[in-house]
Protein chains: 2
Amino acid sequence: MAWEREANDGGEFQSPALERLVRGLSRLPGLGRKSATRIALHLVARESPADELLGAIGAARAQVTNCGNCGAITEADPCRICTSERRDQTLLCVVASPVDVLPFEKAGFYRGRYFVLGGLLSPLDGVRADDLPFDRLLARVERDQVAELIIALDASVEGETTALYVQRLLQGRHLQLTRLATGIPVGGALAYTDEVTLQRAYQFRRGF
Amino acid sequence: MAWEREANDGGEFQSPALERLVRGLSRLPGLGRKSATRIALHLVARESPADELLGAIGAARAQVTNCGNCGAITEADPCRICTSERRDQTLLCVVASPVDVLPFEKAGFYRGRYFVLGGLLSPLDGVRADDLPFDRLLARVERDQVAELIIALDASVEGETTALYVQRLLQGRHLQLTRLATGIPVGGALAYTDEVTLQRAYQFRRGF
């Protein structure tokens, strides 16, 4: 009916600008149309902190970069983890993405340094060994005389493939190669554990 | 330990600007720290559509306003619902907030107009009758010769209080006063219906 269509110009909002904002917000990770609408209405409200937020986005985009040495998110390059004398440079943790550094730093127990691969080997997606900085990893291992390299990659096919590749790359070198344990998460209910995790937890079971 | 604190400058990020952005985003409705972090990292990525989004927020803030007649969200004032000759001006739906117009317009069945109260009576929060535009509602009812006024307010204590107030306000006038039905939602499972809704659905049961 004509009056329906008329009322629906600019989506359900009577406002193309608001509709455009909702669509833009819906494209952010984890936001559906409903949450995007809620946020958009909040942002256009007169008393909203939108200007502050716009400033924060701009500042973060201008100031946030990746450490040229390890690839972690930082404002100073090289980053504070790489320059800190209190961090053991002979202990190196290999992760896939800059985001993977965050849980380690939040937990605060790790006293070594990082190497961000920036991706995982994936024949299906066309990511090959030449696309990842394995030469820089090798150079880093030599330069810092790494004694232990911890592989902390996703427990996915790509993660396993990449872990195997790193293992072969370092074969014959005088360093300890380790990886994160796979098993039931702390506080995780056995009944709701997926089968693959359960099988791994059984396979890697320890003595008392 | 010193190296922990050092690594945690700027939150877990090594970046005060990113930490500030995450905090700003966490303040948006419906976003926790985890989702805010995910969005922040997306926004600072080089290939992110942040500039487009910044533009959309600015444009929406500049262009979106509320209709001076009904209070709905609009870019044109008076809004297209108020100016459309295809909408019945003698049918008036009273809602609390501009957002409450959206589900009606999305569903598209309603052919009347709206009046946004901009709030609900709430003695506890200090919202009294003088704080809401009841005089403008009365003037509107007279001007448009409203034949039916539909109260579409939340089924909360504040919603009920306000509905009762509107009812008394219009007492003695020659118009039909109705309100949305309360009951089990379509597709809602009886077993998971809350007790108050169930009691209302029973109380307002209809004959076949």
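The values are calculated or read from the model by the stated rules, or taken from the named source; none is laboratory data. Remember, predicted model here, so these are calculated numbers, not experimental data. All Cβ positions, even for glycine, are placed from backbone atoms using ideal geometry, and neighbour counts span all protein chains on display. For accessibility, only protein heavy atoms count, side chains too; no ligands or nucleic acids. Shrake-Rupley method; radii C 1.70, N 1.55, O 1.52, S 1.80 Å.
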Notebook entry, point to check: Considering region A:95-118 alone, what residues qualify as being of a type outside the set (Asp, Glu) and more than 17 Å from A:Gly68 (Cβ to Cβ)?
Noted result: A:Ala96, A:Val99, A:Leu102, A:Pro103, A:Phe104, A:Lys106, A:Ala107, A:Gly108, A:Phe109, A:Tyr110, A:Arg111, A:Gly112
Check: Any residue in region A:89-97 that is among the hydroxyl-bearing types (Ser, Thr, Tyr), over 13 Å from the mean Cα position of the chain (by Cα) and not in a loop (DSSP other than H, G, I, E, B)?
Finding: no
Notebook entry, point to check: Which members of region A:102-136 meet the condition of being within 14 Å of chain B (Cβ to nearest Cβ), in a helix (DSSP H, G or I) and either open to solvent by 40 Å² or more (accessible area, probe 1.4 Å) or of a type outside the set (Asp, Glu) (or both)?
Noted result: A:Leu102, A:Pro103, A:Phe104, A:Lys106, A:Ala107
Item checked: Subset tally (residues that are of a type in the set (S, T, N, Q) and touching a residue at least 12 places away in the same chain (Cβ under 8 Å)) for region B:82-132 -> 4
Note to self: Checking the condition facing chain B (nearest Cβ under 8 Å), touching a residue at least 24 places away in the same chain (Cβ under 8 Å) and hydrophobic (A, V, I, L, M, F, W, C), which residue from A:Leu25, A:Leu31, A:Leu18, A:Leu54 passes?
What the structure shows: A:Leu18
Notebook entry, point to check: Just wondering, is there one or more residues in region B:67-77 that are open to solvent by 10 Å² or more (accessible area, probe 1.4 Å) and in a helix (DSSP H, G or I)?
Noted result: no
Note to self: Take the residues in region A:160-188 that are of a type outside the set (A, V, I, L, M) and in a helix (DSSP H, G or I); name whichever of them is least open to solvent (accessible area, probe 1.4 Å).
What the structure shows: A:Thr162
Next item on the list: Output the residue which, of all residues in region B:189-208 that are surrounded by 13 or more Cβ atoms within 10 Å (Cβ to Cβ) and not basic (Lys, Arg), is nearest to B:Leu153 (Cα to Cα).
Entry: B:Thr197
Item checked: Selection count, region A:22-45, where residues are over 15 Å from B:Leu25 (Cβ atoms) and either in a helix (DSSP H, G or I) or touching a helix residue (DSSP H, G or I) at 6+ places or on another chain (Cβ under 6 Å) (or both) -> 8
Check: Where residues in region B:157-208 are of a type in the set (Asp, Glu) and within 22 Å of B:Gly118 (Cβ to Cβ), which of them is modelled with the highest pLDDT?
Finding: B:Glu158
Margin query: Being part of a loop (DSSP other than H, G, I, E, B) and closer than 20 Å to A:Leu41 by Cβ is the requirement here; does B:Leu153 meet it?
Written below: yes
Next item on the list: Would you please name the residue that is modelled with the highest pLDDT, looking only at residues in region B:33-77 that are over 27 Å from the mean Cα position of the chain (by Cα) and charged (D, E, K, R)?
Entry: B:Asp51
Notebook entry, point to check: Out of all the residues in region A:145-159, which are surrounded by 13 or more Cβ atoms within 10 Å (Cβ to Cβ) and closer than 21 Å to A:Ser97 by Cβ?
Noted result: A:Val146, A:Leu149, A:Ile150, A:Ile151, A:Ala152, A:Leu153, A:Asp154, A:Ala155, A:Val157, A:Glu158, A:Gly159
Check: Does A:Val99 fit the bill of being open to solvent by less than 40 Å² (accessible area, probe 1.4 Å) and within 14 Å of another protein chain (Cβ to nearest Cβ)?
Finding: no
